[in-house]
1. By what distance, in whole Å, do the Cα atoms of chain B stretch along each of the three principal axes, largest value first?
2. Tell me whether the range A:1-144 comes out rounded, prolate or oblate; compute the Cα gyration tensor, take square roots of the eigenvalues as a ≥ b ≥ c, and use a/c under 1.5 as the rounded threshold.
3. I need the helices of chain B that pass two filters: whole DSSP H segments spanning 24 Å or more by Cα along the axis, and mean Kyte-Doolittle score no lower than -0.5.
4. Cα centroid distance between the range B:78-143 and the range A:6-26, in Å?
Amino acid sequence: MIDTLLDAIGDSAVGMFVAENATAFPWIEVIHVLGIVVVFGSILLVDLRLMGLAARDYPALTFSRTILPVTWTAFIVAVVTGALMFASNPHGYFGNTMFRVKMLLLLAAGLNMLVFHLITMRGGRMTDGPGPLPGGARMAGLFSLTLWLAIIACGRWIGFTMAPF
Amino acid sequence: MDDWLQGIVDWIDGLTIHAAVQDAGWVVPAVQSVHIAAVAVVLTGALILALRGMELVGRHWSLTRWSRYFHGSTIAALWVLLATGLLMILAEPERELMNWIFRAKMLTVIVTLLIAQTMSRRLRRGGHSPVPVGGGVRLTAILILLLWTGVATAGRWIAYAG
């Protein structure tokens, strides 16, 4: 069943276009890398604030609220361009170990964010003021930073372990 | 210039460290990963300053305060970019030095650094007090963001063309 789905993605007009057009894949990859770069850079700002290592005089929740829209916009760009790259060679990506690890790490980063938003932030111990945050928030920042560094590394390793199309 | 750079490429090709880096397959992707993380620090700093100039993010701090916040991390990231960039040249000298996109990228880096340094000095000249910021500074922040984006774009295109 999964083979049928992968075949359908690869044979779709979009998949064929990205695979066959000489400049489509490089341009999509450029935009993907720019998206990932901004996701990581903006998440890093929030993580450092959560860990209390930077911007300690900026109210923590206000800081997150002002930076995270940038993160989400860049994340959507990265997901769309990532899907387009996947469509150019679905069997190749699906069978690539580093791609699978990257997807698992993305899932873990998402879960970490959910736990932070639904449990840590709603636990009542986080206030929107300057200064250090509770241990849960600091741990969420540390996990997030580690996961996103690993996601970048996996993304780069995909390029070294398979031909793009 | 091509002959001179070809001489450097040939010299690097003969170095023991070049062979060692080539043999260890993990070095290039690892160095590229660190390079990308450092690009993230520089580019995101430029993005937030440009957005703050447009009053779109971070209004709790002035543009001067944001500029001071990013100054140290940007300088540190630029040193990391230099070190990892040199390692990438050591690993694949022909791919980098003989590529016109790489040369255009380096030229753009120098121009961007000069503009960014001028803006940063202007914003930080008042010490901890906010400096009055006009349209020129806001436009310069956008220009710096566009230039760094161009640099990152060129960096990825080195793998495909040139």
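1. Result for chain B: principal-axis Cα extents of 54, 30, 26 Å.
2. The shape class here is prolate.
3. The qualifying helices are B:27-53, B:63-91, B:100-124, B:135-157.
4. 35
Here, each number is a calculation from the coordinates, and none is a lab measurement. What you are looking at is a predicted structure, and each value in this text was computed from that prediction instead of being measured.
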